[in-house]
Amino acid sequence: MAEGAGDKALIGVVSGLLLLPVLAVGVSAVATDWYSGLVPAGVTLDWFGRVLGNPAFQAALGRSMLIAAGSVLLQVLVTVPAVLAAHCYLPWLDRWMERLVVLPYALPQVVLVVGLLGIYANDPLVLIGTPWILLLGYLPLAFPLLYLPLKNNLRALQVHELLDAGHLVGAGDLVIAWRVILPCVAPGLLVGLSMVFALSFAEFVFANMLVGGSFQTLAIYLFGQRQKVGQVTAVIVVVYFAAMWLSTVVALSMLRRQPA
Amino acid sequence: MPRRAALWAAPFLLAVLGFEVLPVLSVLSGSFVRGGEWSLGNYGALLGSRFYRGAFGTSIQISLLTSAIGLGIGLPLALALHRRTPPVQRRFLTLFNVASNFVGVPLALAFTILAGVNGVVTLLLVRSGLVSDFNIYSLQGLMLVYAYFQVPFAVLVLFPSLGALTPDLAEQARLMGASRPVFWWRVGLPVLAPSLVGSFILLFANAMGTYATAYALIGGGANLVTIRIGELVAGDVFTDPNLANALAVLLVLVLLVPILVDQLILRRLRG
């Protein structure tokens, strides 16, 4: 049983260390003063009031929400039909999509930034400096996050038999996709979309280097505040986490409302 | 039907073409342009520069080290988790998933609060006399922050492959008289070797490509390849997009070669 105890100790210690920075952010956000001691001098909600009441912060939060929501919508309209079409009818595209999944590791974001600046900074199509480059640039960037869980659900489904059965009763592909296939893959779809939301909400490299000050998202706002006292940045990071946690909760609650 | 299906996939293909394929081609072709003419001058300038060679040296060193740390802690951790019950596994895998996605500016700021000049960890370390001075805004500090996301990432990529180590494998080895070290050396590690190699490559790429975390923590002072690329396209001092293109191509080569070798050659050798 010594081994079981060792396992528990290892898992516990590493998990504790991983929670430390999160804890530090949480404590700092409600600390009156945390400069000299090991624990804060007192507890206050003043910092939340100050940051949340700031119009620049509210505007940045709104922009990030807008980009994240737009990004989710774009994936629903563009990526979901493509993944379904590839899975049902286009095996060559399906194989390529599987390969696209490793691409984020081979193509760091900063490399894509250089390429996007090379193409969309000048005529005929200027997108640099506008939020459009974020919406469109996040599409391939976030694709693996949606593809993996969606594909997982699709694999478990006998898609071709569903299509044949549907055709037999006179239903078209669109009706079958909408009424049968999509409800069946809803769990993977919602998990994927909540991850797309989180990525687009928090993304910094594209936002800072392709758009910057002309459309200040929450990540850029946070970066601009990094020299301020720890409590201010801590509150913003807490809001960050809250938004991402909320997107997951919303996705999960939509799942529960689905008839099984 | 397939023709109409292609129509449904067309917008996605256009988006991938416009915002992934074309940018890569632009980087590639731009890297061969210097002073308005086709040339290998950008590559010559980079390879001849101690500064840029140093950036590759630092990036590769920090990535190899933090990948080794990631696997060194991640493998025992994944094995320990593998021996626990599925509900416990799910709970901790969720935690590791959150931690490995906790990157960029928020992570850098969290570490500033925790271990910056006035951070609790810094105060504890200095007061306890373990160190006289701890600086998170250094390469050692950066490695600590990288390790924060590399360890949970290692667990996440290793964990699914541990299914190959079934309990009866260990039991059979024990019945045949193999001690634990012998079992690991002759059975365990060879079984896990392919996924260990694959995981190490992913961890390495994960660290090599990191920009936001390092930029938010140290800024331009960190001589990393990604920081140099960012500076060349959006710096305050001077910009040279074509030099950035060449630097980006070299970075992608460093990342792509191990991935391709692993996928094309090693996977095939293993059957």
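The values are calculated or read from the model by the stated rules, or taken from the named source; none is laboratory data. Owing to the predicted nature of the structure, the values given are computational and were not obtained by experimental measurement. Here the Cβ positions follow ideal geometry from the backbone for every residue, glycine too, while neighbour counts run over all protein chains shown.
Yes/no matrix, rows are residues, columns are (1) within 24 Å of B:F204 (Cβ to Cβ); (2) within 8 Å of chain B (Cβ to nearest Cβ):
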site: A:L100; (1), (2): yes, yes
site: A:L116; (1), (2): no, yes
site: A:L135; (1), (2): no, no
site: A:L150; (1), (2): no, no
site: A:L163; (1), (2): no, no
site: A:A198; (1), (2): no, yes
site: A:F206; (1), (2): yes, no
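Suppose we filter B:V131, B:V121, B:V197 for residues that are under 24 Å from B:I62 (Cα atoms), touching a helix residue (DSSP H, G or I) at 6+ places or on another chain (Cβ under 8 Å) and within 13 Å of another protein chain (Cβ to nearest Cβ); which single one remains? Walk me through how you get there before you give the answer.
Numbers: B:V131 fails: within 13 Å of another protein chain (Cβ to nearest Cβ); B:V197 fails: within 13 Å of another protein chain (Cβ to nearest Cβ).
Matching residue, one of B:V131, B:V121, B:V197: B:V121.
Report whether or not A:V159 is within 9 Å of chain B (Cβ to nearest Cβ), surrounded by 14 or more Cβ atoms within 10 Å (Cβ to Cβ) and either under 30 Å from B:F200 (Cα atoms) or over 20 Å from the mean Cα position of the chain (by Cα) (or both). Talk me through it step by step, then tell me what you get.
On the way: within 9 Å of chain B (Cβ to nearest Cβ): no; surrounded by 14 or more Cβ atoms within 10 Å (Cβ to Cβ): yes; either under 30 Å from B:F200 (Cα atoms) or over 20 Å from the mean Cα position of the chain (by Cα) (or both): yes.
It is false that A:V159 is within 9 Å of chain B (Cβ to nearest Cβ), surrounded by 14 or more Cβ atoms within 10 Å (Cβ to Cβ) and either under 30 Å from B:F200 (Cα atoms) or over 20 Å from the mean Cα position of the chain (by Cα) (or both).
Quick test of your reading of the structure: A:G230 fulfils all but one of (1) more than 18 Å from A:G62 (Cα to Cα); (2) crowded, with 19+ Cβ neighbours inside 10 Å; (3) under 16 Å from the mean Cα position of the chain (by Cα). Name the failing condition by number.
(3)
Based on this model, can you work out whether B:G198 counts as among the small types (G, A, S), assigned to a helix (DSSP H, G or I) and crowded, with 19+ Cβ neighbours inside 10 Å? Before you say what the answer is, go through the steps one by one.
Values: among the small types (G, A, S): yes; assigned to a helix (DSSP H, G or I): yes; crowded, with 19+ Cβ neighbours inside 10 Å: yes.
Criteria met by B:G198.
With respect to A:P104, determine if the residue is without any contact (Cβ under 8 Å) to a residue 60 or more places away in the chain and either buried (at least 20 other Cβ atoms within 10 Å of the Cβ) or more than 17 Å from the chain's Cα centre (by Cα) (or both).
Values: without any contact (Cβ under 8 Å) to a residue 60 or more places away in the chain: yes; either buried (at least 20 other Cβ atoms within 10 Å of the Cβ) or more than 17 Å from the chain's Cα centre (by Cα) (or both): no.
Here the answer is no, as A:P104 does not meet what is asked.
Would you check if A:V76 is within 12 Å of chain B (Cβ to nearest Cβ), over 20 Å from A:V191 (Cβ atoms), out of contact with any His (no Cβ under 7 Å at 6 or more places or on another chain) and in a helix (DSSP H, G or I)? Outline the logic, then answer.
Working: within 12 Å of chain B (Cβ to nearest Cβ): yes; over 20 Å from A:V191 (Cβ atoms): no; out of contact with any His (no Cβ under 7 Å at 6 or more places or on another chain): yes; in a helix (DSSP H, G or I): yes.
No, not satisfied.
Do we find a residue being at the interface with chain A (Cβ under 10 Å from one of its Cβ atoms), assigned to a helix (DSSP H, G or I), crowded, with 20+ Cβ neighbours inside 10 Å and free of Cβ contacts under 8 Å to residues at least 24 places away in the same chain anywhere in segment B:238-247?
Yes, segment B:238-247 has at least one match.
Residue under question is B:A80, and the condition is that it be in contact with a Pro (Cβ under 8 Å, 6 or more places away or on another chain), without any contact (Cβ under 8 Å) to a residue 12 or more places away in the chain and at the interface with chain A (Cβ under 8 Å from one of its Cβ atoms); does it hold?
Values: in contact with a Pro (Cβ under 8 Å, 6 or more places away or on another chain): no; without any contact (Cβ under 8 Å) to a residue 12 or more places away in the chain: yes; at the interface with chain A (Cβ under 8 Å from one of its Cβ atoms): yes.
Answer is no for this residue.
Does A:V126 fit the bill of being hydrophobic (A, V, I, L, M, F, W, C) and outside any helix (DSSP H, G or I)?
Details: hydrophobic (A, V, I, L, M, F, W, C): yes; outside any helix (DSSP H, G or I): yes.
Judged against the criteria, A:V126 is a match.
Looking only at segment B:167-202, how many residues end up being under 16 Å from B:Q263 (Cβ atoms) and either free of Cβ contacts under 8 Å to residues at least 60 places away in the same chain or not aromatic (F, W, Y) (or both)?
To start, the set of residues in segment B:167-202 that are under 16 Å from B:Q263 (Cβ atoms) comprises B:193-202.
From what is left, the residues that are either free of Cβ contacts under 8 Å to residues at least 60 places away in the same chain or not aromatic (F, W, Y) (or both) are B:193-199, B:201-202.
Number satisfying all stated conditions: 9.
Please list, ordered by first then second residue, the pairs with beta carbon atoms under 6 Å, 6 or more apart or interchain, first in segment B:210-225 and at the interface with chain A (Cβ under 9 Å from one of its Cβ atoms) and in contact (Cβ under 8 Å) with a residue 60 or more places away in the chain, second assigned to a loop (DSSP other than H, G, I, E, B) and of a type in the set (F, W, Y).
The qualifying pairs are B:A212/A:F204.
Being hydrophobic (A, V, I, L, M, F, W, C) and surrounded by fewer than 18 Cβ atoms within 10 Å (Cβ to Cβ) is the filter here; which residues of segment A:143-156 pass it? Lay out the reasoning, then the answer.
From segment A:143-156, those hydrophobic (A, V, I, L, M, F, W, C) are A:143, A:145-146, A:148, A:150, A:154, A:156; that's our starting set.
Answer for segment A:143-156, where residues must be hydrophobic (A, V, I, L, M, F, W, C) and surrounded by fewer than 18 Cβ atoms within 10 Å (Cβ to Cβ): A:L148, A:A156.
For the structure I just gave you, tell me whether A:R63 is in a helix (DSSP H, G or I), at pLDDT 95 or above and either among the basic types (K, R) or under 21 Å from B:V121 (Cβ atoms) (or both). If you could, list the steps in order and put the result at the bottom.
On the way: in a helix (DSSP H, G or I): yes; at pLDDT 95 or above: yes; either among the basic types (K, R) or under 21 Å from B:V121 (Cβ atoms) (or both): yes.
Yes; evaluated as a whole, the condition is true for this residue.
Just give me the residues in segment B:225-258 being farther than 19 Å from B:S31 by Cβ and at pLDDT 85 or above, in sequence order. Break it down into steps so the answer makes sense when it comes.
Of all residues in segment B:225-258, those farther than 19 Å from B:S31 by Cβ come to B:236-237, B:258.
Within segment B:225-258, B:P258 is the sole residue that qualifies.
For segment B:83-104: of the residues being under 24 Å from B:A222 (Cβ atoms) and in contact with a Ser or Thr (Cβ under 8 Å, 6 or more places away or on another chain), which is nearest to the other protein chains (Cβ to nearest Cβ)?
Taking segment B:83-104 as the starting set, the residues that turn out to be under 24 Å from B:A222 (Cβ atoms) are B:99-104.
Okay, now just the ones that are also in contact with a Ser or Thr (Cβ under 8 Å, 6 or more places away or on another chain), so B:103-104.
Working: B:V103: 9, B:G104: 5 Å.
Step by step, filter segment B:83-104, then rank; the result is B:G104.
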